[in-house]
């Protein structure tokens, strides 16, 4: 009787999520000896090897998995993130198209009968661009809109309702719709995150014009202390948000910095609100932030934003506001590897965990820099 790999894969996945990568590797190494031609085993082993900093073996496992199952979308997607996190955007974004074949990727209803746009010039035909994945992804990849405008005359955009007012200030859109509105008929469609592949984007050709989000008109703020916005928790805990989030209590060393703190975190719980009042001296309720236009208006009046990897940082980055990002040890592919800067956001500085799930390093480094922060986002 053939061995059923499911229980072992489930156990290895649990160990992986607990951070016990060596334990997961032992299970998967043993399973790979018994099932050397199982793509699921090879995929899982590759993910563990990446965490154990063995990229050559991980790459070999992924190549073998794809050789055995050329249409394995999960293996291709893992290979995409492997390439992208290492700055190989040309190959990475080609492989990234396999995300559209994953069960968790919902097929856009915006497409209708429209053909998938391949980058061809459109003089008379219309194009529907549609957002996908998270709100932050939409704000990050809307930077490609000017390149689309060079080739397409009539562009519609489908996005989350929380982005409509912010994106309404972008040039060159014939209209914006949300998931609850009637979608205009278009000849072609394209998800935003497919644009880098279409344009053959590399690290060298990545659009870096900042700001690319519409700058809101806000009154000049008074005061001598730098105004610093704070976001400590990412959403979607089942999608890795819990590893990107830093407990507010662990950020208490920042509380005595000579700055004025502004809460940009939505849905703070009672304990967090108490800490904001007692330690961070935030005595007033934070702004409502009903959509990302309101977020942009608040961010535009700040000297600095400190945000974990979640959507408000993309507002700050897209507006060109100074931005400090505490990152987990195994950060998302967009932050590349071992860099303290970001080609996506020139005003960003990255503070990476030294050890998996340990925020003490970023907290210490940011705390030191906060002591030197001056009004306007500069250092002494």
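Tabulated values for the structure
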| read-out | value |
| --- | --- |
| Residue among 182, 250 that is at pLDDT below 95 and more than 20 Å from the chain's Cα centre (by Cα) | 182 |
| Selection count where residues are surrounded by 18 or more Cβ atoms within 10 Å (Cβ to Cβ) and part of a loop (DSSP other than H, G, I, E, B), scope segment 208-232 | 5 |
| Residue in segment 212-226 that is more than 24 Å from residue 165 (Cβ to Cβ) and touching a helix residue (DSSP H, G or I) at 6+ places or on another chain (Cβ under 9 Å) present | yes |
| Matching residues in segment 248-263 - criterion: being touching a residue at least 40 places away in the same chain (Cβ under 8 Å) and over 20 Å from residue 222 (Cβ atoms) | 250, 251, 253, 254 |
| Some residue of segment 93-112 being part of a loop (DSSP other than H, G, I, E, B) and at pLDDT 95 or above | no |
| Condition met for residue 79 (free of Cβ contacts under 8 Å to residues at least 60 places away in the same chain, more than 23 Å from residue 96 (Cα to Cα) and buried (at least 20 other Cβ atoms within 10 Å of the Cβ)) | no |
| Residue 365 being within 30 Å of residue 91 (Cα to Cα), surrounded by fewer than 20 Cβ atoms within 10 Å (Cβ to Cβ) and in the same structural domain as residue 263 (by TED's automatic domain parsing) | no |
| Selection count, segment 325-340, where residues are surrounded by fewer than 23 Cβ atoms within 10 Å (Cβ to Cβ) and touching a strand residue (DSSP E or B) at 6+ places or on another chain (Cβ under 8 Å) | 7 |
| Wholly within segment 118-193, helices (runs of 4 or more DSSP H) carrying at least 2 residues that are in contact with a strand residue (DSSP E or B) (Cβ under 8 Å, 6 or more places away or on another chain) and either crowded, with 20+ Cβ neighbours inside 10 Å or in contact (Cβ under 8 Å) with a residue 60 or more places away in the chain (or both) | 145-149, 164-167 |
| Any hit, segment 258-277, residues being surrounded by 12 or more Cβ atoms within 10 Å (Cβ to Cβ), under 20 Å from the mean Cα position of the chain (by Cα), modelled with pLDDT of 95 or more and outside any loop (DSSP other than H, G, I, E, B) | no |
| Condition broken by residue 286, with the remaining ones in (1) touching a strand residue (DSSP E or B) at 6+ places or on another chain (Cβ under 8 Å); (2) at pLDDT 95 or above satisfied | (2) |
| Scope segment 297-312; condition assigned to a helix (DSSP H, G or I) and either within 15 Å of residue 227 (Cβ to Cβ) or not assigned by TED's automatic domain parsing to the domain that holds residue 335 (or both); matching residues | 297, 298, 299, 300, 312 |
| Selection status of residue 287, outside the structural domain of residue 309 (by TED's automatic domain parsing), under 24 Å from the mean Cα position of the chain (by Cα), within 20 Å of residue 312 (Cβ to Cβ) and not in a helix (DSSP H, G or I) | no |
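This table checks each residue for (1) loosely packed, with under 14 Cβ neighbours inside 10 Å; (2) more than 22 Å from residue 327 (Cα to Cα).
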position: 4; (1), (2): yes, yes
position: 42; (1), (2): no, yes
position: 54; (1), (2): no, no
position: 59; (1), (2): no, yes
position: 63; (1), (2): no, yes
position: 68; (1), (2): no, yes
position: 102; (1), (2): yes, yes
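The values are calculated or read from the model by the stated rules, or taken from the named source; none is laboratory data. This is a predicted model, so every value here is computed, not measured. Positions of Cβ are backbone-derived with ideal geometry, glycine not excepted, and every protein chain shown enters the neighbour counts.
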